[in-house]
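S.K.: Just dropping this structure here.
The values are calculated or read from the model by the stated rules, or taken from the named source; none is laboratory data. Treat the numbers as computed from the prediction; the structure is a model and nothing was measured. So basically every Cβ, Gly included, is an ideal-geometry build from the backbone, and we count neighbours across all protein chains shown.
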Amino acid sequence: MNESEALHRAWLKSVRGMTNLRMDILIEKNGSAKAVYERSKGGELVRSNALPNALYPELTRSSMAGELDSLHETLDKLNISVYCPEDTEYPFILKEIFDPPRVLFVRGNGALSSLSRSIAIVGSRNCSDYAKRLSKRIAKRLAEAGVTVVSGMALGVDAAAHEGAISSGEPMATIAVLASGVDTPSPMEHSRLYSRILEHGLVISEQPIGRPALAGDFPPRNRIIAGLSSGVLVAEARKKSGTWHTINFALDGGRDIFVLPGRVEDPYCEGSNEMLREGAILAIKAEDILERYEGWNTIPIKSAKDALFSDEEKSVINCLKEADLTADELFERIGVPMNRLLSLLTKLALQGIIERKSCMEYHYINY
C-alpha cells in the first residue's frame, strides 16, 4: 500500500466515532480512504444506510479542518509509522485473528515485519513479588533466545516482562501494545519504561494519535497482544481478571496458553491455577515455552561467561552460585570494601545476573 493511502486510513481511524466496520464500509463505498477524504471535503461522499448519520458531519468537519495535515506532521515529528493489513510490514500472524486492526501505529526501534518468534506475558497489575521476579527472569531468557516478548506496559506483570526482555540487550526484545495512542506513555508513571521500550523494541496501537486510554479500549488492546503471539504466558491472575480477555482471544486464535503455577491459598493466583486445571501448559522456566515450538530452542540461551566480568565480579557470582547471601556475608567471604561491594551488586543486578530478595539476600539467577 502506498504511503498516501496509509496516511488517509490513519486519518480515517482518527475521526470521532470511527470503528473498523465503519471504515470498511466507507472504503468499500468510495474505493479508498483517500477518496473518502476528498469526497468528504467536496461534499460528494457516497453514503451508506448502515452508518449513523452523525458520522458524516464528523468526516466533513475533520477533512475541512486540516486534521490530515496536522496528523502527517505529528507522525513525521515523532517518527511514527502507519501500517495496514495490505503492507508487507504488517505481521502475518496478526492478520489471522478475527477483526485485525485496520491501522497500526508503530513507534520505536525495530522492524515489525521481522517478528517471527513472539510470546505474550500477562498477569495482574497488583501482583506478587514472586510473579514479577519470575516474569522478568523468563522474559529475559526468551529475549536472549531471539523471542520478542509482547505485553501491555501496565503495572505489575506487564512492566516486569518488558523490563526483563530489555535487560537481555537484544534487538526487538519487546513490544508494548497500548490502549492509548503511541505518542505518550500509558500509564504515565511508566514514562521511563516507555522510553526504554522505544530503544529496545516497539510501542504499537490501533488507537489514533493523542487518544487517551479509555476503559472500553483495553479488551481490543488485549486481542492484539494475543494476536501478535504464538503463545501467552499467564504469570498471575485472579479468578475474575482482565487477563481472561487476553486468554479468550488467544484461545479463539488457536494460541498456546502457558501458566506459571501460583500459591493455592493466594486469591491472586486463583485464576491462573484454574487455567492449569482446565488444561493450560505448566511453565516454570523459559525452556518450557521454547521447547513447545520447533526450532525455537536451537538458538542457545546466553549464559554469563566469566570473560565478561572482572575478578571481583566473578568472586561475587561464584559465591552466590553456592548459596544466597547478604552483603555482609559476601563482605566476610571475599573481603571487597563494602562501598565497592554494594556498587558491584547493583551493577550485577541491573545486568540481570543476580537479584535481591525481600530478605535482603542476593540470589544468582541460574542460567
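S.K.: Considering only segment 253-272, how many residues are crowded, with 20+ Cβ neighbours inside 10 Å and either part of a helix (DSSP H, G or I) or within 21 Å of the chain's Cα centre (by Cα) (or both)?
M.R.: Here is the first cut: in segment 253-272, the ones crowded, with 20+ Cβ neighbours inside 10 Å are 255, 257-260, 262, 268-269, 271-272.
Retained after the next criterion (residues that are either part of a helix (DSSP H, G or I) or within 21 Å of the chain's Cα centre (by Cα) (or both)): 255, 257-260, 268-269, 271-272.
Number of matching residues: 9.
S.K.: Tell me, which residue of segment 19-66 that is basic (Lys, Arg) and touching a helix residue (DSSP H, G or I) at 6+ places or on another chain (Cβ under 7 Å) is farthest from ARG9 (Cα to Cα)? Working first, answer last.
M.R.: At the first step, the residues of segment 19-66 found to be basic (Lys, Arg) are 22, 29, 34, 39, 41, 47, 61.
After this cut, where a residue has to be touching a helix residue (DSSP H, G or I) at 6+ places or on another chain (Cβ under 7 Å) as well, the list is 22, 34, 39, 41, 47.
Numbers: ARG22: 12, LYS34: 7, ARG39: 14, LYS41: 15, ARG47: 17 Å.
Among residues in segment 19-66 that are basic (Lys, Arg) and touching a helix residue (DSSP H, G or I) at 6+ places or on another chain (Cβ under 7 Å), the one farthest from ARG9 (Cα to Cα) is ARG47.
S.K.: Being among the polar types (S, T, N, Q) and more than 14 Å from LEU55 (Cβ to Cβ) is the filter; apply it to segment 1-43 and report the residue that is modelled with the lowest pLDDT.
M.R.: Here is the first cut: in segment 1-43, the ones among the polar types (S, T, N, Q) are 2, 4, 14, 19-20, 30, 32, 40.
In the following step, the residues that additionally are more than 14 Å from LEU55 (Cβ to Cβ) were identified as 2, 4, 32.
Working: ASN2: 80, SER4: 89, SER32: 96.
Per the stated criteria, the residue is ASN2.
S.K.: What's the number of the only condition in (1) touching a strand residue (DSSP E or B) at 6+ places or on another chain (Cβ under 6 Å); (2) of a type in the set (A, V, I, L, M); (3) modelled with pLDDT under 95 that LEU251 fails to meet?
M.R.: Evaluating LEU251 over (1) touching a strand residue (DSSP E or B) at 6+ places or on another chain (Cβ under 6 Å); (2) of a type in the set (A, V, I, L, M); (3) modelled with pLDDT under 95 leaves (1) as the failure.
S.K.: Which pairs have Cβ atoms under 6 Å, sit 6 or more apart or on different chains, and link a residue in segment 272-298 that is under 15 Å from LEU134 (Cβ atoms) to one that is surrounded by 15 or more Cβ atoms within 10 Å (Cβ to Cβ) and not hydrophobic (A, V, I, L, M, F, W, C)?
M.R.: SER272/GLU236; SER272/GLY262; ASN273/GLY262; ALA286/ARG141
S.K.: Do any residues in segment 317-330 that are touching a residue at least 12 places away in the same chain (Cβ under 8 Å) have Cβ atoms under 9 Å from those of residues that are in a helix (DSSP H, G or I) and among the polar types (S, T, N, Q), where the two are at least six apart or on different chains, and which pairs are they?
M.R.: From residues that are touching a residue at least 12 places away in the same chain (Cβ under 8 Å), the pairs are LEU330/SER315.
S.K.: Turning to a different aspect of this structure: Taking into account only those residues within segment 19-55 that are among the polar types (S, T, N, Q) and in contact with an Asp or Glu (Cβ under 7 Å, 6 or more places away or on another chain), which is surrounded by the most Cβ atoms within 10 Å (Cβ to Cβ)?
M.R.: First, the residues of segment 19-55 that are among the polar types (S, T, N, Q): 19-20, 30, 32, 40, 48-49, 53.
Cutting the leftovers down to in contact with an Asp or Glu (Cβ under 7 Å, 6 or more places away or on another chain) gives us 20, 32.
Details: ASN20: 15, SER32: 17.
Only one residue tops the list, namely SER32.
S.K.: Mind listing whichever residues of segment 100-117 are of a type outside the set (Ser, Thr, Tyr) and outside any loop (DSSP other than H, G, I, E, B)? Spell out the reasoning first.
M.R.: Just the residues of segment 100-117 that are of a type outside the set (Ser, Thr, Tyr), to begin with: 100-112, 115, 117.
Passing the criteria: LEU104, PHE105, VAL106, ARG107, GLY108, LEU112.
S.K.: Mind checking whether some residue in segment 134-146 is over 28 Å from SER272 (Cβ atoms), of a type in the set (D, E, K, R), at pLDDT below 95 and part of a helix (DSSP H, G or I)?
M.R.: Pass one, segment 134-146, residues over 28 Å from SER272 (Cβ atoms): none.
Within segment 134-146, none of the residues are over 28 Å from SER272 (Cβ atoms), of a type in the set (D, E, K, R), at pLDDT below 95 and part of a helix (DSSP H, G or I).
This table checks each residue for (1) in contact with a strand residue (DSSP E or B) (Cβ under 8 Å, 6 or more places away or on another chain); (2) in a helix (DSSP H, G or I); (3) exposed (fewer than 15 other Cβ atoms within 10 Å of the Cβ).
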| residue | (1), (2), (3) |
| --- | --- |
| LYS321 | yes, yes, yes |
| LEU330 | yes, yes, no |
| ASN339 | no, yes, yes |
| LEU342 | no, yes, yes |
| LEU348 | yes, yes, no |
| GLU355 | yes, no, no |
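S.K.: So ALA154 clears everything in (1) in a helix (DSSP H, G or I); (2) out of contact with any Gly (no Cβ under 6 Å at 6 or more places or on another chain); (3) of a type outside the set (Ser, Thr, Tyr); (4) crowded, with 22+ Cβ neighbours inside 10 Å except one condition, right? Which one?
M.R.: Condition (1) is where ALA154 drops out.
S.K.: Being at pLDDT below 95 and buried (at least 24 other Cβ atoms within 10 Å of the Cβ) is the filter here; which residues of segment 109-126 pass it? It would help to see each step written out before you state the result.
M.R.: Restricting attention to segment 109-126, the residues satisfying the condition of being at pLDDT below 95 are 109-117, 123-126.
Within segment 109-126, GLY123, SER124 qualify.
S.K.: Looking at segment 278-309, which of its residues are among the charged types (D, E, K, R), more than 11 Å from ALA145 (Cβ to Cβ) and modelled with pLDDT under 60?
M.R.: LYS305, ASP306
S.K.: Next question. Select, from LEU75, LEU59, the only residue that is touching a residue at least 12 places away in the same chain (Cβ under 8 Å) and out of contact with any strand residue (DSSP E or B) (no Cβ under 9 Å at 6 or more places or on another chain).
M.R.: LEU59
S.K.: Return a yes/no flag: does segment 127-150 have any residue that is crowded, with 22+ Cβ neighbours inside 10 Å and out of contact with any helix residue (DSSP H, G or I) (no Cβ under 8 Å at 6 or more places or on another chain).
M.R.: Taking every residue of segment 127-150 in turn, at least one turns out to be crowded, with 22+ Cβ neighbours inside 10 Å and out of contact with any helix residue (DSSP H, G or I) (no Cβ under 8 Å at 6 or more places or on another chain).
S.K.: From the list ALA120, ALA131, pick out the single residue that is among the small types (Gly, Ala, Ser), touching a residue at least 60 places away in the same chain (Cβ under 8 Å), in a helix (DSSP H, G or I) and within 25 Å of THR174 (Cβ to Cβ). I'd like the intermediate steps shown before the answer.
M.R.: Numbers: ALA120 fails: in a helix (DSSP H, G or I).
Among ALA120, ALA131, only ALA131 is among the small types (Gly, Ala, Ser), touching a residue at least 60 places away in the same chain (Cβ under 8 Å), in a helix (DSSP H, G or I) and within 25 Å of THR174 (Cβ to Cβ).
S.K.: Check SER229, SER205 and return the single one that is under 18 Å from LYS136 (Cα atoms), among the polar types (S, T, N, Q) and in contact (Cβ under 8 Å) with a residue 60 or more places away in the chain. Walk me through how you get there before you give the answer.
M.R.: On the way: SER205 fails: under 18 Å from LYS136 (Cα atoms).
Going through SER229, SER205 in turn, just one is under 18 Å from LYS136 (Cα atoms), among the polar types (S, T, N, Q) and in contact (Cβ under 8 Å) with a residue 60 or more places away in the chain: SER229.
S.K.: If you don't mind, there's one more thing I want to ask. Taking ILE97, is it part of a loop (DSSP other than H, G, I, E, B), over 24 Å from ARG263 (Cβ atoms), among the hydrophobic types (A, V, I, L, M, F, W, C) and not assigned by TED's automatic domain parsing to the domain that holds VAL182?
M.R.: Working: part of a loop (DSSP other than H, G, I, E, B): yes; over 24 Å from ARG263 (Cβ atoms): yes; among the hydrophobic types (A, V, I, L, M, F, W, C): yes; not assigned by TED's automatic domain parsing to the domain that holds VAL182: yes.
Criteria met by ILE97.
S.K.: Show the residue pairs that are 6+ apart or on different chains and have beta-carbon atoms under 8 Å apart, the first residue being within segment 243-254 and in contact (Cβ under 8 Å) with a residue 40 or more places away in the chain, the second being of a type outside the set (Ser, Thr, Tyr) and surrounded by fewer than 17 Cβ atoms within 10 Å (Cβ to Cβ).
M.R.: ASP252/PHE98; GLY253/GLU96; GLY253/PHE98
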